[in-house]
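Colleague: Below you'll find the structure I mean.
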Amino acid sequence: MTVSAPVRLTQLAAGGGCACKVPPGELERVLSGLTPTTPDDLLVGVENGDDGAVVRIDGGRAVVLTTDFFTPVVDDPYDWGRIAAANAISDVYAMGGEPLLAVNLLAWPRDRVPFELAAEVLRGGAAVAAQAGCHLAGGHSIDDPEPKYGLAVTGLADPDRLLRNDTAVPGTPLTLTKPLGLGVLNNRHKATGEVFPEAVEVMTTLNRDASRAALAAGHTCATDVTGFGLLGHLFKLCRASGVSAVLDASAVPYVEGARSSYAAGYVPGGSRRNLDWVRPHLDADVDEDELVLLADAQTSGGLLVVGELPGHPVVGEVVAGDGRITVRR
């Protein structure tokens with residue numbers, strides 16, 4: 001049984017979901033002062049902003065470590081827990097790993113919001129962890145004016161069969177495994193209280209099958225599409241791999257209602273910041289509205305895979321170049 005919220009959780013935070021991430025340009029300026037360490041066993045570190053860190057623990061096994069948490073993206077506490085858990089676990093799948101163990105991260109305004117709702121959030125997270133076959137044990141909580149929830153996740157992977165964002169090869173197609181528009185619809189939900197079941201379904205769907213299919217097909221390059229939008233994550237992938245890309249805007253799928261909601265003025269500020277960050281690296285023959293949608297800040301989005309995956313649309317191609325993205329109609 002789901003406990004009804006006496007308050008709208010999305011009204012307790014300035015942002016929502018992955019749209020409340022630190023803007024990519026600001027984040028990179030902060031990280032630029034760090035000196036990366038590159039011991040032999042650290043296979044993926046901070047250097048390319050990949051989805052998780054990977055360290056080899058013996059010849060045939062590697063540990064994938066990631067964490068993700070955010071403010072409420074929907075008002076239903078159980079669904080928020082499910083979405084946040086699916087989003088955090090996605091980073092392990094995006095690296096080609098399988099989640100093994102997670103711990104909860106909870107910030108709660110205990111004097112303003114009943115703890116019964118926090119229990120619902122945790123119950124939602126536990127449901128998705130169980131679906132992923134991932135143990136969930138304990139965690140950490142703090143008293144905070146804004147509610148926040150997520151997971152720290154540990155996974156296992158084959159060090160010789162990882163999905164990374166720095167191995168893209170020119171002449172390879174780009175596949176997107178979930179539709180865009182989640183940021184727009186979440187922004188409308190926050191403003192109006194309208195519920196979009198298809199968006200919730202997309203955000204709570206695990207990227208497990210897509211990750212396994214990519215590995216089975218022999219693909220080596222992928223990233224998940226979350227707070228930096230499709231354009232932002234594609235740019236990071238191209239830059240890390242030393243390639244460029246051509247994106248076919250007409251092939252990119254959207255959740256029902258996303259385009260009409262955007263036309264009605266619902267768009268996260270994070271989506272516009274994403275576009276501003278990527279714009280210097282764009283060559284586009286589509287209008288500004290299309291570019292904002294392509295940069296829309298997603299929460300628990302799909303995988304962007306360098307290679308074809310049956311059942312998912314090809315939305316572009318990797319080409320030789322120096323990190324530029326061409327967006328065509």
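Colleague: Please work out how much length the chain gains when fully extended from ALA216 to ASP144, using 0.36 nm per residue of separation minus the C-alpha to C-alpha distance, in nm with one decimal.
Modeller: 21.6 nm
Colleague: Taking the simple approach of a point 7 Å from Cα along Cα-to-Cβ for both PHE115 and ASP283, what is their distance in nm?
Modeller: About 6.0 nm, to one decimal.
Colleague: Right, here's the next one. Any chance you could check the Cα centroid distance between the stretch 84-151 and the stretch 37-82 for me, in angstrom?
Modeller: Using only Cα atoms, the two centres lie 14 Å from each other.
Colleague: Which of VAL202, VAL73 has the fewest other C-beta atoms within 10 Å, and how do the rest follow up to the most? Walk me through the intermediate numbers first.
Modeller: On the way: VAL202 23, VAL73 32.
Placing the least packed residue first, the sequence is VAL202, VAL73.
Colleague: So how far apart, in nm, are the two label points at ALA14 and VAL169 if each is 7 Å from Cα heading toward Cβ?
Modeller: So the two model labels end up 4.6 nm from each other.
Colleague: Something else: In deg cm²/dmol and to the nearest 500, what is the mean residue ellipticity at 222 nm of the chain if only DSSP H runs of at least 4 residues count, each as -39500 (n - 2.57), divided by the residue total?
Modeller: Roughly -10000 deg cm²/dmol at 222 nm, from the helical runs in the chain.
Colleague: Let me ask something additional. Report the extension gain between ALA191 and GLN131 in nm, rounded to one decimal, defined as 0.36 nm multiplied by the number of residues separating them, less their alpha carbon distance.
Modeller: 18.5 nm
Colleague: Right, another one. In whole angstrom, note down how far apart the Cα centers of the stretch 186-204 and the stretch 212-276 are.
Modeller: Here the two parts' Cα centres lie 19 Å apart.
Colleague: If you don't mind, another one. Count charges around LEU156 for me, please; just the other residues with Cβ under 10 Å from its Cβ, Lys/Arg as +1, Asp/Glu as -1. Let's see the in-between values first.
Modeller: Values: positive: ARG61; negative: GLU98, ASP158.
Around LEU156, the charge tally is -1.
No lab work stands behind these numbers, since they all come straight from the coordinates. Note that this is a predicted model, so its numbers are computed, not measured. No Cβ is skipped: glycine too gets one built from the backbone with ideal geometry, and neighbour counts run over all protein chains shown.
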